[in-house]
1. Work out the count of Lys pairs in the range 219-355 where the Cα-Cα distance is under 17 Å, with the pair 8 or more places apart or on different chains.
2. Counting only heavy atoms of protein chains, what accessible area per residue, in Å², does the range 50-208 have with a probe of 1.4 Å?
3. Full extension from residue 102 to residue 141: what is 0.36 nm times the residue separation minus their Cα-Cα distance, to one decimal in nm?
4. Using only Cα atoms, locate the centre of the range 402-428 and the centre of the range 151-166, then give the distance between them in Å, rounded to an integer.
5. Using θ = phi - 60° and the Karplus curve 6.51 cos²θ - 1.76 cosθ + 1.60, what whole-Hz ³J(HN,Hα) does each residue of the range 404-418 get, with Gly and Pro shown as x?
6. Keeping the other protein chains in place, figure out the carbon and sulfur percent of the accessible area of the range 246-338, with a 1.4 Å probe.
7. With a ≥ b ≥ c the root eigenvalues of the C-alpha gyration tensor of the range 47-122, is it rounded (a/c under 1.5), prolate (a/b larger than b/c) or oblate?
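The values are calculated or read from the model by the stated rules, or taken from the named source; none is laboratory data. Remember, it's a predicted structure, so these values are computed and weren't measured experimentally. The area values use the complete protein model at the heavy-atom level, side chains included, leaving out ligands, DNA and RNA. Shrake-Rupley method; radii C 1.70, N 1.55, O 1.52, S 1.80 Å.
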Amino acid sequence: MKTYNSLKQTGFPALFKIILIFTAILFIQKYGLAQETKQLIEYKGRVIDQNTKDPLPFVNLEIAGTNIATVTNSEGDFSLKINEAMPQAKVSVTYPGYKKLLIILADFTNIKNTIELEPQALELDEINITRPKDAKSLISKVFANRKDNYLEEQTYMTAFYREAINKRNRSASLAEAVVAIKKQPYINAGNDLVAIYKARKSTNYNRLDTLAIKLQGGPLNALYADLVKYPEYFMTLESLSNYEFNFGESLMNDGKMIYVVNFKQKETIIDPLYYGKLYIEAKTYALTNAIYNLNVENRELASALFVKKKPNRVKVYPTEISYRVDYRNTDGKWYYGYSNVNLEFVVNWKRKLFNNKYRITSEMLITDWELQINAESISNRTKFKASTILADEASGFADPDFWGTYNVIEPEKSIQQAIEKIQRQIEK
């Protein structure tokens, strides 16, 4: 049996920690990193499968010729804010396994739009590409071609971040923020910097009982899910030998063939590693999407990766840790566009008959980016720190226009209900 003691060797970022404590002193950082000066209008809608009419989650919607983008939530709903002076702009709608759809903005309504995507079957006889002899060698090509496939320049990104903590099925904490990101080139070893522009949060500690569960690191957790930029937190060339790989069924995405690689850790490895699917463009060997889980069969080892502090009388262990990361392509270069992380934990007190189950979710969406902006304050001095927890504040939830011109991820029904409840409590 093989075992590794380093968090990086197990492929997990040390900063992604859940803190279980009784009290905490929290704070928030605010920086004027963007200006809300444009007059925008908002379009809402849902993306569904043309045949089954089922909603499609995590569909990418991007304004052609720009870097403005959004994504559907897990229920297929989206919100997109566009400059009124762009009626002829085209919205590109893409999703793996479906035909790309271009919609003229003028064809959208101001009420509710339903977009139907047509599944796209893969016709191997029409594609003159030879699949690598084995899946492991294909993963090696992803590393070898990173410089050619991903952004080579420093970029300044605007993103929307959301995190939520639920006790069983009831909301206990909700935080949302617009963040500015100074993203380093993919070939640069330097870490990306994040600063908070605008944020709001509300926590119901009565619902959390005597145990306060907090997520340390905030938007950094979502950003570090960028596997191409931070392979040391997931899988490197050196750690490929810890996994078994095999090919899944290939599919099409935006007219291009995508290889699907299934992977899981070898049975001889006892430390928690990952299992899931990697989506790789056949022509360029670029990683376009990844959906994966952490192996939590060994409760003690899995818990040690996440729990930073807890009372001695409490046992905490994860029951499910899942991830998703999606990349976008602009002018032949890929970059991080969206990620989400779902963590489910059981908290078990000694001498208590029933345990408590918590679900923690976080997601981040890149809504726009450019090569140069007037955001000099995104620096080592003003950056969001890995030890930071978003503030326990309710400010902002009373304002329905809190986000102004910024694009956000359309809240799911459960999130919307939590927001409405917070608003009612503020009004009392």
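1. Total qualifying Lys-Lys pairs in the range 219-355 comes to 11.
2. 45
3. 10.9 nm
4. Each part reduced to its Cα centre gives a spacing of 20 Å.
5. In residue order, the calculated couplings are x, 8, 6, 6, 9, 7, 4, x, 5, 4, 5, 5, 4, 5, 5 Hz.
6. 46
7. prolate
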